[in-house]
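One structure is given here, and the rest of the page talks about it.
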Amino acid sequence: MEVNLPVCRNWRAVCRHRFQELRILPHMLFSGRLPMLLISDVDHPETRNLYSLPDGQVYDLRLPVPYDTRCIGSSHGWLIFLESVSFVVTLFNPFYFGNHKGTIYLPPFLAAKDYFETNKDYDLFPEYYITKAVLSIDPVSSPNYTVMLIHGEDRSLAYYNSGDENWTCVPGSPLFSDLLYSNGRFTAVSLQGELYSSNPETNSPELERVTGPLYRPFRSTVRRYIAYDRNKLLQAVRTVEFFSVTNADVVYRTRGFMVFMLMFVNGIYEWIELEDIGDAALFVGDSYSYCVKASSFPGIIPNSVYFTDDFSAVHRQPNQYKGPIDAGIYMIGDGSLRSHYNPDNIDKHLVPPIWIMPTL
């Protein structure tokens, strides 16, 4: 035991110093298994804060993330950005700031560069060329990681394995909506609800089609997300209604969610609709899609979907945001909607919050 004491003291000293750097106070609630909201702060435009769902409090951490920059992804505590001039993809962990471990520069995403060089008159802003990006694993915990993303007007897949010189585009991709990583494979869901699987670490990472499309009489526009509830794969279908579309503004609201579970029926995989997801709570948006056990976290509502605004209009430019336009909690049981984070400056031009899993 005496041999371990100095190590423990050193570790406590490191933790204490890190918490001081991050402005973390004893009353703040953190869990490595519950997402928090990364929110903008108009009073400190070069930083963002965290919103804790269990206690409904804003934690004034002033993490070094500019308030007007869209993250193309958030997973394992890392934020993913696309630089709009060089098209370099950057991995940034705000909980490691001031430490060289917290920033990783990946090669330029040349597919985006080629697109904007060819379409100079098109007004799509570069940070919206990529719909979503996810990490396979925390790069600090393992040097062998993969980043996969959905990109372009055709919403196809591309990936980068650590150590590669360039990004690799996956041929034959349908239009994709969401991605996740589990057990050495990436799984993606298309806009039609089809499920595909791929392993970019192999020499031939072709897409394997797992299910056919999932058709229902959905209202208006839908967006799809996939997440694991322990060993069960869920697909959440988000229905969004547009009230008006003008050159200056888009008015839209989420109307509800339908949740399906992947099951093996009569020799094939099928999506089976669920009327109740029990003690589970889903978290969806521009980030990695999470599913947590609600009873493990005070204040988290079971049988619900927590969502953030992830609508990417091709005409949306920086600073066009007006707060979290479309965010809330959908109650699966009765179909009602509730709010979670209500900012004081909703009239300001703010990038919508994004879920992040703190790495502390």
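Where a number appears in this text, it was derived from the coordinates with a stated rule and is not lab data. Because the structure is predicted, anything quoted here is derived from the model rather than measured. Note that each Cβ is placed from the backbone with ideal geometry, even for glycine, and that neighbours are counted across all protein chains shown.
With Cα atoms defining each centre, segment 109-149 and segment 175-194 are spaced 16 Å apart in the structure. Per the Debye formula on identical point scatterers at the alpha carbon atoms of segment 36-170, with no solvent, log10 I(q)/I(0) at q = 0.15 Å⁻¹ is -0.77. For segment 144-283, the Kirkwood hydrodynamic radius from C-alpha pairs, put into Stokes-Einstein at 37 °C and a viscosity of 0.692 mPa s, yields a diffusion coefficient of 198 µm² per second.
Arranged from highest to lowest average of other beta-carbon atoms within 10 Å per residue, in what order do the peptides 136-145, 85-94, 162-171 appear?
85-94, 136-145, 162-171
When peptides 330-341, 271-282, 147-158, 34-45 are sorted by average Cβ neighbour count within 10 Å, with the highest value leading, the order is 147-158, 34-45, 271-282, 330-341.
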